[in-house]
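The values are calculated or read from the model by the stated rules, or taken from the named source; none is laboratory data. Keep in mind that what you see is a predicted model, and the values were worked out from it rather than measured. Quick reminder, even Gly has a Cβ in these numbers, built from the backbone with ideal geometry, and neighbours come from all protein chains shown. Note: areas computed on protein heavy atoms with side chains; ligands, DNA, RNA excluded. Shrake-Rupley method; radii C 1.70, N 1.55, O 1.52, S 1.80 Å.
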Amino acid sequence: PNGMTVDSTGVVWLTSVRGLIRFDPGTRSARSYGVRDGLPSQEFGERPVPRIQDGRIVAATPEGLVLFDPAVVHPAAGVPTLVVESASVRRADRWVALPQSGSADLFHDDRDLRIVARLLSFDNAGSNRYRFRLDSYDADWVETGADGERTFSQLPPGDYTLRIKARTADNVWSDVHTLGLHVAPPWWRTPWAMAGFAAVLALLLWSLADAYRARLRQRHELQLTEHKRAIAEQASLAKTRFLATLGHEVRTPMTGVLGMSELLLATPLDTRQRGYTQSIRRAGEHLLRLMNDALDLARIESGKLEFEHKPFALRTLLSDAIELTRPLAEQHGLQFNDDVAPDVPAFVQGDCTRIRQILMNLLGNAVKFTAQGAVGLTVRTVGATTIRFEVSDTGPGLNDEQKSRLFRRFEQAEGARTAARYGGSGLGLAISQELAAAMGGRIEVDSTPGKGTRFIVELPLPTTSMHGERVISAVAPGEVAHRALALLLVEDDATVAEVLTGLLRAQGHHVVHVAHGLAALAQTSHARFDVALLDLDLPGLDGLALARQLRALGFSAPLLAVTARADAEAEPLALAAGFDGFLRKPVTGQMLASAIARLVADASTETAIAG
């Protein structure tokens, strides 16, 4: 606090850079007032001054003086009303609405039960807090913050009672809202089905006797095999959902971890401090790779992974991959050999990003698992439209059993020993194989224990010409051309905003940060910006609506979405709303620089074509 005063009733009033604070010693409770409560500014730089003549208090802000009567400004004591805004569940491939009160019936295979509650208190609604408790499922209340939303992936059969309550910014709790849920068992667990099975079994035992016992043993074996397969599939799907959910939840704080460590490394540090900071950054980058793998896996599971089929510079991509891998191999004491055939075309049609992902995954694994010797990349043309990439190493090699499960999800060559020694999640090769198959290609492995490993990737990449077509070139780290730009950042999270602002200013850009859509509209009405970076989940006017409004008002500069949303629908929705680029948090300075450079280059190209 910057200062304080006590009113005639004994209530303490404090000023701070985060708002005006009211503390009641009698109830030992505090309430902070800011711009969402009608104040012109959050920042109070001086102590509050009481007026003796009428008991009112005066406080100064950068936007002017604030005069208020402390007897009038006090927390609301009324109990707010809590309602369920929506309840829905995913049934097969569609969403089904459920009753918002009373009880609801669900099928056994329904998933992604989504409950959205709203507190009918609009006095600083952003400070409302919600909590949920599902009896027989939750051990205690589960806090969900200010969004009032909770999702259950899939509930076991049974009867449940969902209890919801919320509190206002004045710390007043609502009454508990309850919703009954009945999850029906699968048909084969219903009483009539079980009775039918028993009758059939008794009839067969009575009529077939010894012959039936042999058939029964065979049936039990088949059922056990099928049950094991179903359990394995459910376990794999559960892992996939868990990773996707975890990635979504940690994207915003991971922006702080990676961004702050990147900014810290740019400051003067001693050797020990730099080592600590680099360790934090490496751990964050590893977690980022795991989250990206989880996101790709979730998209593949849902069948919503989309591929581009555009011209790109293949030889530039190969050069970038070689230049990125060679120093890494040399750091591990390995020789790096590359051999790109002369007839490999310079420009082809395909998905540059996904091909780079496959190559970098295979090359990274080759370096990681090779203790001595060499790692190599060989590229050849096969037929008229197929390109063959071969990644080889002189590592320990693989036996037949290891090769049989190499491309399984969450599997590694020697299981726990490989994970403990080298790290990783066991997703990279599985995702690479599925990406190659989705592009009409394949990945094969040729390996012998003690003689190294060779991965062969064949992809259909038709040759194209750069004449008359726009060719995508791979953007390598350090090759993004920088120039000072005027950037508008719309981000409501203070930590993320500080990180993004620091990373962008470190690149020489001029950044104007605002916390919500109305402020962004005000800024664009009187200032010119080269690029605008918008969060999608903004208070009031969200990022999608803000983008549409900016385009409607004639804002022609590129729009870049920077969001923690992990669902597959987020990017198509953003592009449809008028965004030109899309980034998922967490982001690094290089990611921001590359994305901004592409947007600026695209805008310049379009301007030149239009001219």
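Each of the peptides 584-590, 13-19, 74-80 was scored by the mean count of other Cβ atoms within 10 Å over its residues; in descending order, highest first, they stand as 584-590, 13-19, 74-80. Annotated for the chain: lysine pairs at least 8 residues apart or interchain, Cα distance under 29 Å, count 14.
Its relative contact order, with pairs defined as Cα atoms under 8 Å and 6+ residues apart, puts the chain at 8 percent. Across the range 328-391, the relative contact order, built from alpha-carbon pairs under 8 Å that are at least six residues apart, equals 44 percent. Note on the chain: with neighbouring protein chains present and a 1.4 Å probe, carbon and sulfur make up 55 percent of its accessible heavy-atom surface.
Once the Cα-Cα distance is subtracted from the 0.36 nm per residue extended length, the Ala576 to Val340 segment shows a gain of 81.0 nm.
Can you give the FRET efficiency to the nearest 0.05 for Ser101 and Asp24, using r as the Cβ-Cβ distance and R₀ = 35 Å? Once rounded, the FRET efficiency stands at 0.45.
Computed extension length for Leu205-Asp270: 15.3 nm, one decimal, from 0.36 nm per residue of separation with the Cα-Cα distance subtracted. Rounded to 0.05, the FRET efficiency of the Thr225 and Arg380 pair, given R0 = 35 Å and the Cβ-Cβ distance, is 0.25. The length gained by stretching the chain between Ile280 and Ala238 to full extension, at 0.36 nm per residue less their Cα-Cα distance, is 12.2 nm.
The alpha carbons of the chain stretch over 95, 79, 53 Å along the principal axes, in descending order.
Restricting attention to the chain, close to 75% of DSSP beta bridges with both partner residues there are antiparallel. Across the range 385-400, rounded Karplus estimates of 3J(HN,Hα) from the backbone phi angles (6.51 cos²θ - 1.76 cosθ + 1.60, θ = phi - 60°) give 10, 9, 10, 10, 10, 10, 10, 10, 8, 10, x, x, x, 9, 8, 5 Hz, Gly and Pro being marked x. For the chain, the solvent-accessible area with a 1.4 angstrom probe is 52 square angstrom per residue. Between His74, Thr464, Thr271, the Cα set farthest toward the positive side of the dipole of the chain (charges on each charged residue's Cβ, about the Cα centre) is that of Thr271.
In the chain, the calculated helix contribution to ellipticity at 222 nm averages -12500 deg cm²/dmol per residue, counting -39,500 (n - 2.57) for every DSSP H run with n ≥ 4.
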